[in-house]
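Visitor: Before we start, here is the structure in question, set down as structure tokens.
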Amino acid sequence: MKENFRKEKQISAKKKRKKKMISIIGSGPVGSYLASLLKDETVIFEEHKEAGKPIQCTGILTNEIHDLIKLDKKVIDNEIDYIRLNAGKEEYKFKLQNKELIVNRHKFDNFLLEKAKENNVKIRYNSEFANFKNNKIILKNGKSYDTNVLVGADGYKSLVAKKTGLWQNREFWKGIQIRAEIKNLDKNVYDVYFDSCPDFFGWVVPENEKIARIGLGSFDNAGYYFNNFIKRFEIKKIISSESGLIPIWKKIKLKKDNVYLVGDAGLQLKNISGGGIIPGMKAAKILANCLNNGKNYEKEIRGLNRELMFSDFIRKKLNKLNIERYEELLRLMKKVDLGKYNRDKPLNNLGMFMKPGLIKFGIKNFLF
Ligand SMILES: Cc1cc2nc3c(=O)[nH]c(=O)nc-3n(C[C@H](O)[C@H](O)[C@H](O)COP(=O)(O)OP(=O)(O)OC[C@H]3O[C@@H](n4cnc5c(N)ncnc54)[C@H](O)[C@@H]3O)c2cc1C
């Protein structure tokens, strides 16, 4: 009797441990990072012939990356000590408490993919996902594969979301970016321009002493704003163009049956900055924990969602400011040591903004 009970227990434990097949669409940073953390048999399907190309990103990473992974120095193009915020006649340059990294996305994506391969993950290149039916992944070339779990880490255009009913009316900023040699570049500072378009911002991020990634995001007329924006700089030579869409975060359904969305496919970006790598990787870590340990993804993601919701709240308020209000905000911000602000944990640092002028500005411009 006791022996039978022991055997039954062993069989049920084995059943519980029965390995699943997990298929991830997309070898971007989020898909590869997720794959590196999974315990089950995992395959990544990537439409291109290699990971990390074409590049459509500036590659800014905050210090939070070190909590997620130990980076190889080879992927880092530059380390930044200062950020300068610009609006009209005002500017506010502050020193970062922790340097921010500018990575080369091709190298960074391949570094994360190597971590996935070290975890015995298989990668199938030239494998464009086309549909998902009856637990079968169907590729554009007609091949099909059985899977227990499908993860859409397929970026902003997520066909996984479209084909599985998880698209849900999303919106995007259009991000236009060039890599260019420009005059008077300071390798240590990246610039943010709030006066370059109405609903996002422009940026100049140095890759080294000579080359900068100059970009701008906007909901409408991005090309028009970008062309005006780049007139501000003495551009010696345009090297390449790296434009793409930046999903606007909103709370959406991230799971349907055995299908999950993560990263840009799940709109997991900070609406203040358009940064999606860190929140996407954080979400991947949460999803890995859920798939490895049978937890509920939509429940476990709530903490990250709260941070992204707050970032969205601030973005909506900032978009109501005209240039004069932005100038006023920058003047007031000088009372705050913004270098200590952690924009990946925005709700943890709110106390530092409790200065008399800023409270008054907030009540006037942000509350109503
Ligand atoms: C101009 C610009 C600048 C940006 N700058 C920054 C920045 O400085 N810092 C930051 O954190 N974020 C930035 N972002 C956002 C950042 O690029 C994304 O958030 C990030 O790439 C999301 O990673 P991901 O792995 O979710 O998706 P992606 O990096 O988009 O990867 C998706 C992968 O899926 C593959 N794929 C897509 N469809 C299919 C399919 N049907 N079948 C198979 N494979 C498929 C793609 O080829 C790709 O490899 C920027 C975005 C833009 C447009």
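Laboratory data are not the source of any read-out in this text; all were calculated from the coordinates shown. Note that the structure is a prediction, hence the values are computed from the model and not measured. Every residue, glycine among them, receives a Cβ derived from its backbone with ideal geometry; neighbour counts consider all protein chains shown.
Visitor: Taking a point 7 angstrom from the Cα of Arg124 along the C-beta vector, which residues in region 20-58 have backbone N less than 17 Å away?
Guide: 20-28, 32, 35, 41-51, by backbone N distance to the label point.
Visitor: I would also like to ask the following. To the nearest 20 debye, what is the magnitude of the charge dipole of the chain about its Cα centre, counting +1 on the Cβ of each Lys and Arg and -1 on the Cβ of each Asp and Glu?
Guide: Value, rounded to 20: 1500 debye.
Visitor: Classify region 82-144: rounded, prolate or oblate, from the alpha-carbon gyration tensor (a ≥ b ≥ c, eigenvalue square roots; a/c under 1.5 rounded; otherwise prolate if a/b is larger than b/c)?
Guide: Because a/c hits 1.5 or more and a/b exceeds b/c, region 82-144 counts as prolate.
Visitor: Mind giving me the FRET efficiency for Gln168 and Asp199? R0 is 25 Å, r the Cβ-Cβ distance, nearest 0.05 is fine.
Guide: That pair, Gln168 with Asp199, gives E of 0.75.
Visitor: Moving to a separate point now. If you fit an axis through the alpha-carbon atoms of helix 277-293 and take the longest principal axis of the Cα set of the chain, what angle between them do you get, 0 to 90°, nearest 10?
Guide: That works out to roughly 20 degrees.
Visitor: Now a separate question. How much of the DSSP beta bridge set in the chain is antiparallel, as a percent to the nearest 5?
Guide: The antiparallel proportion sits near 70 percent.
Visitor: With 10 angstrom as the radius, rank Ile214, Ile76, Ile239 by how many other C-beta atoms surround their C-beta, starting from the fewest.
Guide: Listed from fewest to most nearby Cβ atoms, that is Ile239, Ile76, Ile214.
Visitor: On to the next question. Would you kindly derive the ³J(HN,Hα) couplings of region 77-92 from the backbone phi angles with the Karplus curve 6.51 cos²θ - 1.76 cosθ + 1.60 (θ = phi - 60°), listing them in order in whole Hz, with x for Gly and Pro?
Guide: Couplings: 7, 7, 10, 10, 9, 10, 10, 10, 9, 10, 7, x, 8, 9, 9, 9 Hz.
Visitor: To make sure I understand, if each residue's beta carbon is the centre and we count other beta carbons within 10 Å, what order do Tyr156, Tyr82, Tyr190 fall in, fewest to most?
Guide: Ascending Cβ contact count within 10 Å gives the list Tyr82, Tyr156, Tyr190.
Visitor: Around Met281, with a cut-off of 14 angstrom between Cβ atoms, what is the net charge of the other residues, counting Lys and Arg +1 and Asp and Glu -1?
Guide: Residues close to Met281 contribute a combined charge of 0.
Visitor: Taking the Cβ of Val75 as the centre, find all other residues whose Cβ is under 11 Å away and add up their charges (Lys, Arg: +1; Asp, Glu: -1).
Guide: Here the charged neighbours net out to 0.
Visitor: Work out the charge dipole of the chain with +1 on the Cβ of Lys and Arg and -1 on the Cβ of Asp and Glu about the Cα centre, then indicate which of Gln168, Leu150, Leu101 is farthest towards its positive end.
Guide: Highest projection toward the positive end goes to Leu150.
Visitor: Label Asp186 and Lys334 with points 7 Å out from Cα along Cα→Cβ: what is the distance between them in nm?
Guide: 1.5
Visitor: In addition: Fewest Cβ neighbours within 10 Å first, please rank Ser32, Ser241, Ser311 accordingly.
Guide: Fewest-to-most ranking of Ser32, Ser241, Ser311: Ser241, Ser311, Ser32.
Visitor: Distance in nm between label sites at Ser144 and Phe233, each 7 Å beyond Cα in the beta-carbon direction?
Guide: Once both label points are built, they end up 4.9 nm from each other.
Visitor: Near Lys183, which lysines are there with a Cα under 20 Å away, not counting those fewer than 8 places off in the same chain?
Guide: Lys93, Lys210, Lys231, Lys236, Lys237
Visitor: Related question: Rounded to whole Hz and in sequence order, give me ³J(HN,Hα) for region 29-42 from the Karplus expression 6.51 cos²θ - 1.76 cosθ + 1.60, θ = phi - 60°, writing x for Gly and Pro.
Guide: x, 6, x, 5, 5, 4, 4, 5, 9, 7, 8, 8, 4, 9
Visitor: Next question, about the same structure. Does region 309-368 come out rounded, prolate or oblate by the C-alpha gyration tensor, with a ≥ b ≥ c the root eigenvalues, rounded set by a/c under 1.5 and, if not, prolate when a/b is larger than b/c and oblate if not?
Guide: Taking the square roots of the gyration eigenvalues as a ≥ b ≥ c, region 309-368 is oblate.
Visitor: Pop a pseudo-label 7 angstrom from the Cα along the beta-carbon direction at both Lys250 and Phe313 and give the gap in nm to one decimal.
Guide: 1.8
Visitor: Same structure again: If eta is 0.692 mPa s and T is 37 °C, what Stokes-Einstein diffusion coefficient results for the chain, Kirkwood Rh from Cα pairs, in µm²/s?
Guide: D = 150 µm²/s.
Visitor: Still on this structure, please answer the following. For Cα pairs less than 8 Å apart in space and 6+ apart in sequence, what is the mean separation divided by the residue count of region 183-274, i.e. the relative contact order in percent?
Guide: 18
Visitor: For the pair Phe366 and Arg302, what calculated FRET efficiency results from E = 1/(1 + (r/R0)^6), where r is the Cβ-Cβ distance and R0 = 25 Å, to the nearest 0.05?
Guide: Once rounded, the FRET efficiency stands at 0.55.
Visitor: Moving on to the next point. So what's the net charge close to Asp154: Lys and Arg +1, Asp and Glu -1, counting the other residues with Cβ under 14 Å from its Cβ?
Guide: Around Asp154, the charge tally is +1.
Visitor: Ranked from highest to lowest mean number of other Cβ atoms within 10 Å per residue, what is the order of the peptides 295-306, 165-176?
Guide: Order by mean packing, descending: 165-176, 295-306.
Visitor: Measure nothing but the geometry: give the 0 to 90° angle between the long axis through the Cα atoms of 356-365 and the longest principal axis through the Cα atoms of the chain, rounded to 10°.
Guide: Between the helix axis and the principal axis of the chain, the angle is about 70 degrees.
Visitor: Just to confirm the number: angle between the C-alpha axis of helix 302-318 and the first principal axis of the chain, 0 to 90 degrees, nearest 10?
Guide: Roughly 20 degrees, rounded to the nearest 10.
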